[in-house]
Amino acid sequence: MIAAGALLSLTLAGCNSDVSQVYSSSTPSSAKTGPVKIALLASSSQNGFNKAVYDGAVAKAKEYGDVEVTVFDGKFDSQTQFNQVQNVASQGTYDGILLVPNDNVGIAAAIPAAAQAKIPVVTTLFPVGPNLTELKPQVEGIVSTVAANTEENSKKLAEGAVKYCEDKDPCRVAILIGQLQFPFDNLRNKAYRSVLDGHPNIKVVATGQGNYDRDTSLKAMQNILQANPKLDVLLSNADQQTIGAQVALESAGVDLSTMYVTGGGGNQEAIKQVRAGKWAADQVDFPNSMGKAAVEQLVNAVRGKPVTPVVDANTLGPVPVIVTKEILDEHPDFAGEWAD
């Protein structure tokens with residue numbers, strides 16, 4: 001795992017974007033011609049997904065000339081990351097901020113400090129602002145969003161469960177969510193329910209919080225199984241959670257291949273489980289590619305070049321956003337962009 005404050009001086013050069021809509025950044029007001037210093041504010045530096053964003057940023061950095069990337073550990077704590085944005089804005093050391101937000105709504109109040117300091121911000125994974133499904137920058141200072149529509153992706157995952165449940169009545173569903181206090185986890189849960197609740201044969205029997213952690217999810221699934229020993233579907237928004245839940249399910253004698261089991265994130269272990277037929281589907285993210293795209297947009301903003309305000313993260317990888325065994329069989333070389 002990466003350590004907070006790890007500093008790399010790396011060579012950077014631009015790359016082409018798949019997204020055609022661009023605009024000329026007004027932040028900063030004058031183009032910088034010298035070295036570019038980027039602060040990468042990770043939601044947690046002790047997390048495989050964030051490490052993959054960092055690794056992508058490093059890989060992109062090697063294509064340029066004179067950029068330094070500093071990583072900060074957000075510790076999965078909203079206030080810590082809020083303070084980091086304000087501190088970076090006040091130091092006068094950094095030219096751009098690459099953000100993997102913990103609380104995408106709450107942190108919006110910190111971004112104006114960066115805008116006032118003429119430090120452009122690119123957010124990855126989630127948009128920043130009150131509208132959880134609006135990818136266009138909503139807050140002054142955000143110049144680009146490298147993310148996908150989380151609500152639509154979650155609905156797609158739930159639609160697969162609906163298809164699986166067509167001939168089952170009742171079809172018993174357990175949901176594992178990271179933390180319902182997080183706006184996007186709450187959005188995912190509501191997206192699942194908006195699809196599932198329209199089918200009388202489908203019964204959501206439990207909703208657990210896995211906190212993006214294997215051990216927490218293992219315990220949550222053990223508790224769910226005590227009250228609900230028969231399950232047909234597990235909808236999980238995070239691969240780490242599904243991996244933990246898998247231990248609990250298999251320890252209880254459940255054959256996962258007889259269920260509809262999902263994960264979210266597309267990490268390497270999840271791809272293996274889908275290929276093996278144990279998980280029915282996985283919602284895939286491409287964090288390494290997201291890191292590359294974010295660095296590109298930041299360097300463009302700092303150097304006064306056109307900036308792409310929305311980079312659709314669903315388009316950054318070689319496979320669709322929802323993968324099944326059949327889809328992965330068609331892409332034998334895809335292993336996932338990150339490891340837990």
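How many percent of the accessible area of the chain is carbon or sulfur, using a 1.4 Å probe? Walk me through the numbers before you get to the answer.
On the way: 6260 of 13560 Å².
Taking all protein chains in place, the chain shows 46 percent carbon and sulfur surface.
Would you mind telling me which residue in 144, 90, 43 has the biggest mean-square fluctuation in a Gaussian network model of the chain, where springs connect alpha carbons within a distance under 10 angstrom?
For the chain, modelled as a Gaussian network with Cα springs under 10 Å, the answer is 90.
Of the options 225, 208, 65, report the single residue whose Cα projects farthest towards the positive end of the charge dipole of the chain (beta-carbon charges: Lys, Arg +1; Asp, Glu -1).
Towards the positive end, the residue furthest out is 65.
Tell me the mean residue ellipticity at 222 nm calculated for the chain from its helices only (DSSP H runs of n ≥ 4, each -39500 (n - 2.57), averaged over every residue, nearest 500). Mind dumping the intermediate values first?
Working: 10 runs with 119 residues, N = 340.
Theoretical 222 nm ellipticity from helices: -11000 deg cm²/dmol.
For residue 171, what is the net charge nearby, where nearby means another residue's Cβ is under 13 Å from its Cβ and Lys, Arg count +1, Asp, Glu -1?
Summing Lys and Arg as +1 and Asp and Glu as -1 gives 0.
Within the set 75/230; 51/272; 37/156, which residue pairs have Cα atoms separated by over 30 Å?
75/230; 37/156
I'd like to check one number: the per residue accessible area of the chain, probe 1.4 Å, reported in Å² as a whole number.
Values: 13560 Å² over 340 residues.
That works out to 40 Å² per residue.
Could you give the dipole magnitude of segment 179-238 about its Cα centre, charging the beta-carbon of Lys and Arg +1 and that of Asp and Glu -1, in debye to the nearest 20?
For this selection, approximately 100 debye.
Report the calculated FRET efficiency for residue 118 and residue 197 (r = Cβ-Cβ distance, R0 = 56 Å), to the nearest 0.05. It would help to have the intermediate numbers written out before the result.
Working: r = 47 Å, r/R0 = 0.84.
So, using R0 = 56 Å, E works out to roughly 0.75.
Quick check: residue separation of residue 325 and residue 93 times 0.36 nm, minus the Cα distance between them. What number comes out in nm?
Numbers: separation 232, 0.36 × 232 = 83.52 nm, distance 4.74 nm.
Working it through step by step, the gained length comes to 78.8 nm.
Among 53, 162, 141, which residue has its Cα furthest toward the positive end of the charge dipole of the chain, with +1 on Lys/Arg Cβ and -1 on Asp/Glu Cβ?
Of the options given, the answer is 141.
Compute the FRET efficiency between residue 252 and residue 79 as 1/(1 + (r/R0)^6), taking r as their Cβ-Cβ distance and R0 = 35 Å, and round to the nearest 0.05.
For R0 = 35 Å, the calculated efficiency reads 0.35.
Of the residues 184, 126, 76, which exhibits the maximal mean-square fluctuation in a Gaussian network model of the chain defined by a 10 Å Cα contact cut-off?
Fluctuation is largest for 76.
So how do 323-336, 243-256, 208-221 stack up, highest first, on mean other-Cβ count within 10 Å?
208-221, 243-256, 323-336
What angle, in degrees between 0 and 90 and rounded to the nearest 10, separates the Cα long axis of helix 239-251 from the longest principal axis of the Cα atoms of the chain?
It is inclined by approximately 20 degrees.
Just round it to a whole percent: the fraction of Cα-Cα distances in segment 46-173 exceeding 18 Å. Could the numbers behind the result be given before it?
Values: 4893 of 8128 pairs.
Within segment 46-173, distances greater than 18 Å cover 60 percent of Cα pairs.
Give me log10 I(q)/I(0) at q = 0.06, 0.13, 0.15 Å⁻¹ for the chain, Debye formula, one equal scatterer per alpha-carbon, no solvent.
-0.21, -0.92, -1.16
Using a Gaussian network model on the chain with a 10 Å cutoff between Cα atoms, which of 160, 266, 291 fluctuates the most?
Top of the fluctuation ranking is 160.
What is the magnitude of the charge dipole of the chain about its Cα centre, with +1 placed on the Cβ of each Lys and Arg, -1 on the Cβ of each Asp and Glu, and no other charges, expressed in debye to the nearest 20? Can you show the working numbers first?
Numbers: 27 positive and 36 negative charges, 97 e Å.
Computed charge dipole of the chain: roughly 460 debye.
Test of understanding: what is the full-extension gain from residue 276 to residue 315, defined as 0.36 nm times their sequence separation minus their Cα-Cα distance?
Roughly 11.5 nm would be gained on extension.
Could you grab the Rg to Rh ratio for segment 204-320? Cα atoms only, Kirkwood for Rh.
Details: Rg = 17.9 Å, Rh = 15.8 Å.
Reported Rg/Rh (Cα atoms, Kirkwood Rh): 1.13.
Any chance you could run the full-extension gain for residue 219 through residue 134? It's 0.36 nm times the residue separation minus the Cα-Cα distance, nm to one decimal.
27.1 nm
If one computes the Cα centroid of segment 268-339 and of segment 91-125, what distance in Å separates the two points?
If we compute the Cα centre of each part, the gap is 23 Å.
The values are calculated or read from the model by the stated rules, or taken from the named source; none is laboratory data. The structure displayed is predicted, hence computed values, not measured ones. Neighbour counts are summed over all protein chains in view; Cβ atoms, including those assigned to glycine, are modelled from backbone coordinates with ideal geometry. Quick note on the areas: whole protein, heavy atoms, side chains included, nothing else; ligands and nucleic acids left out. Shrake-Rupley method; radii C 1.70, N 1.55, O 1.52, S 1.80 Å.
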